[in-house]
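A.B. asks: Here it is, the structure, as structure tokens.
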Amino acid sequence: MKKILYLVTCLLVFASCEDFLDTDNYVKKNTGNWPISESDAEELLTGVYATLADVTTNAADSYFYLAELASDERFGGGGENDKDMQGFDKLMNTKNDRMLTFWQGRYQGIYRANMGLETEGNWADAVTTEVRNRIIGEIHFLRAFFYHELMETFENIPLVLSTEPENIPQADPDLVYGQIAYDLKTAIGIMSGKPGVGHATKWDAQALMARVYLFYTGFYGKSSMPLGNGEGENVGTVTQQEVVAWLEDCINNSGHSLVPDFRELWSYTNPYTAPYYPYANGLDWAEDGDNPEQMFSIKYSIMADWNTSQTGYSNQYALHMSLRSTNGGEGTFPFGRGWGAGPVSTTLWNEWAAAEPNDMRRVASIVDVDAELADYKYGEDTQMEETGYWQKKIINIQGIDEEGIRWDLFGTPMYGAQNDIGLGSVADLILIRFADVLLMHSELTETVTGINRVRARAGLNPISAYTIGALKNERRFELAFEGRRWADIRRWGDAETLLDKRLGTNVINNGVTTPVKAFGGGYSARYKATRGFFKIPESQITLSEGVLVQNPGWGSEAEYNGW
């Protein structure tokens, strides 16, 4: 049965600094009377986790969504008036506060993490050392994760390490990366590797350390990453050798492994879909929570409601990235209905076939509508930037129950989820999986062992010698549509060239074949102007009374007004 997770009773427990007064209060929770017990500490931790999923309520303004649509593998898509989707693809702006809910959500998580660390003395004596280390370690991990996403989105952000209300200026990026390294090294040092559904472990911290290290050293051209002291100062470095050792600990001791069949990672192989989808017939989904490859994920509730502060969340990424309008019904089974974001580039489909013609992951990851979906219709509800290719990994999947009744979402017969495309998508959003650990280890050691383990699972022959080209291809094909491509092409210095390759290729806009043209001077021009960092919400700059400064490249020239 699908777990009902994150019924977050403490979502509003510490919404702002003003909720905590230096007076006795026997009705409301404050730092004088909460947290003081083990259950309080667990509630506090749940509140930090809640902000991880909270961005899902406005998924279209989140880092994961941005990273998918901004990469070279996808277009913005959506309907004629869905300029937000298309704006991310073109590295352009559509509204002054486009990323406000993401900015607020991640800083709310940081605030709650800071509160947890500041109040440790209130509850630490009420728990065992093991419980204390787990809770504190998870808080450090989550704070690092929140800063990691903010840095890859904006770069120039305030480093907030206290719950004291202050108007803090943007920090030197090295200081923020030093803080991320401090949090992750702390988490690695005190957390256990015991698995916990929906909870981070030391293995997740090791993997995230490698991810952050690779982006920082690649993007900024450094040989090591700064290490902070937890107080906004850098006191050392994290070396490549340390990161490799942590990855090897994860590989050798975590118990994580590759699922034998790549296709069984994705929800179209669930038991209410696979028997009726010829491509997946006979496959057995490695269900969320029982998947040895799945490391860190956002969990979703079957009780989602638009009043999410009370009842949880559904996977809104799947809603946005599903087929538009009448596509997504019986005629396109098993791929369900949604809003048509992120059509897959024909360049990826063609280059994948040329590079690895026998790679089963291509069809496992991408649906070619002309080959698989006989009833697919182009131009539905003014669908824009259509290519005939959609990804299969994060998409609403239909299901058929024991009585032969078709449901819009497989979670309805499987878990009792709502048969509502906006509220009933319950598949986890996998943020870190073991295949990525193997590939990061190969990249850092320049060895083929990790690459070849991943290739063997895909039924491909091993490679005999490491090359950066082979590593780039393996990451491209194995991790397609999982939110990592954007960071990869930026840290490798490939973004400008790869983004511009789409110019002149054909898309279908509202049923009409149209060549991709340059907006805002073109992809490479926009990337040069912004370095891939996005606009800080204008309201935050205004509230700071000029303490915060807007990122370069986001003046009037960046406004996107549509095709």
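The values are calculated or read from the model by the stated rules, or taken from the named source; none is laboratory data. It should be emphasised that the depicted structure is a prediction, and the values quoted were computed from it without experimental measurement. Methodologically, a virtual Cβ is constructed for each residue, glycine included, from the backbone with ideal geometry; neighbour enumeration extends over all protein chains shown. Protein only, heavy atoms only, side chains kept; ligands, DNA and RNA dropped before computing areas. Shrake-Rupley method; radii C 1.70, N 1.55, O 1.52, S 1.80 Å.
A.B. asks: Of the residues TYR220, TYR182, only one is in contact with a strand residue (DSSP E or B) (Cβ under 9 Å, 6 or more places away or on another chain), of a type in the set (Phe, Trp, Tyr) and either without any contact (Cβ under 8 Å) to a residue 40 or more places away in the chain or open to solvent by 20 Å² or more (accessible area, probe 1.4 Å) (or both); which? Reasoning before the result, please.
C.D. replies: Working: TYR220 fails: in contact with a strand residue (DSSP E or B) (Cβ under 9 Å, 6 or more places away or on another chain).
Among TYR220, TYR182, only TYR182 is in contact with a strand residue (DSSP E or B) (Cβ under 9 Å, 6 or more places away or on another chain), of a type in the set (Phe, Trp, Tyr) and either without any contact (Cβ under 8 Å) to a residue 40 or more places away in the chain or open to solvent by 20 Å² or more (accessible area, probe 1.4 Å) (or both).
A.B. asks: While we're on this one: With the structure loaded, tell me whether VAL235 is among the hydrophobic types (A, V, I, L, M, F, W, C) and either open to solvent by less than 10 Å² (accessible area, probe 1.4 Å) or assigned to a loop (DSSP other than H, G, I, E, B) (or both) or whether it fails that test. Explain how you work it out, then say what you get.
C.D. replies: Values: among the hydrophobic types (A, V, I, L, M, F, W, C): yes; either open to solvent by less than 10 Å² (accessible area, probe 1.4 Å) or assigned to a loop (DSSP other than H, G, I, E, B) (or both): no.
No.
A.B. asks: Could you tell me how many of the residues in region 540-556 are open to solvent by 90 Å² or more (accessible area, probe 1.4 Å) and under 17 Å from THR94 (Cα atoms)?
C.D. replies: 1
A.B. asks: Now, a different point. Keeping to region 433-447, report how many residues are surrounded by fewer than 21 Cβ atoms within 10 Å (Cβ to Cβ) and over 12 Å from LEU247 (Cβ atoms).
C.D. replies: 1
A.B. asks: A follow-up question, please. Test GLU482 against the stated conditions and say whether it is within 27 Å of GLN241 (Cβ to Cβ) and among the charged types (D, E, K, R).
C.D. replies: Details: within 27 Å of GLN241 (Cβ to Cβ): no; among the charged types (D, E, K, R): yes.
The answer is no for GLU482.
A.B. asks: Consider ALA495 carefully, then state whether it is out of contact with any strand residue (DSSP E or B) (no Cβ under 9 Å at 6 or more places or on another chain), more than 15 Å from LEU439 (Cα to Cα) and small (Gly, Ala, Ser). Talk me through it step by step, then tell me what you get.
C.D. replies: Values: out of contact with any strand residue (DSSP E or B) (no Cβ under 9 Å at 6 or more places or on another chain): yes; more than 15 Å from LEU439 (Cα to Cα): yes; small (Gly, Ala, Ser): yes.
Yes: the conditions hold for ALA495.
A.B. asks: Report, by residue number, each residue of region 379-438 that is in contact with a Phe, Trp or Tyr (Cβ under 7 Å, 6 or more places away or on another chain), in a helix (DSSP H, G or I) and farther than 30 Å from THR201 by Cβ.
C.D. replies: PRO413
A.B. asks: Residue check: is ARG457 closer than 24 Å to LEU429 by Cβ and either of a type in the set (Val, Ile, Thr) or within 23 Å of the chain's Cα centre (by Cα) (or both)?
C.D. replies: In short, no.
A.B. asks: Hey, among GLU402, GLU380, which residue is among the acidic types (Asp, Glu), open to solvent by 10 Å² or more (accessible area, probe 1.4 Å) and touching a Lys or Arg at 6+ places or on another chain (Cβ under 8 Å)?
C.D. replies: Among GLU402, GLU380, only GLU380 is among the acidic types (Asp, Glu), open to solvent by 10 Å² or more (accessible area, probe 1.4 Å) and touching a Lys or Arg at 6+ places or on another chain (Cβ under 8 Å).
A.B. asks: Which residues, counting only those in region 268-289, are of a type in the set (Ser, Thr, Tyr), open to solvent by 10 Å² or more (accessible area, probe 1.4 Å) and outside any loop (DSSP other than H, G, I, E, B)?
C.D. replies: TYR276, TYR279
A.B. asks: Against the conditions (1) in contact (Cβ under 8 Å) with a residue 40 or more places away in the chain; (2) farther than 30 Å from TRP339 by Cα, where does TYR107 fall short? Just the number, please.
C.D. replies: It fails just one condition, (2).
A.B. asks: Continuing with the same structure: Condition test on ASP420, is it free of Cβ contacts under 8 Å to residues at least 40 places away in the same chain, surrounded by fewer than 17 Cβ atoms within 10 Å (Cβ to Cβ) and either within 30 Å of GLN241 (Cβ to Cβ) or among the acidic types (Asp, Glu) (or both)?
C.D. replies: Details: free of Cβ contacts under 8 Å to residues at least 40 places away in the same chain: yes; surrounded by fewer than 17 Cβ atoms within 10 Å (Cβ to Cβ): yes; either within 30 Å of GLN241 (Cβ to Cβ) or among the acidic types (Asp, Glu) (or both): yes.
So ASP420 passes the test.
A.B. asks: Which of the residues that make up region 329-364 are more than 13 Å from PHE477 (Cα to Cα) and surrounded by fewer than 15 Cβ atoms within 10 Å (Cβ to Cβ)?
C.D. replies: Across region 329-364, the qualifying residues are GLU330, GLY331.
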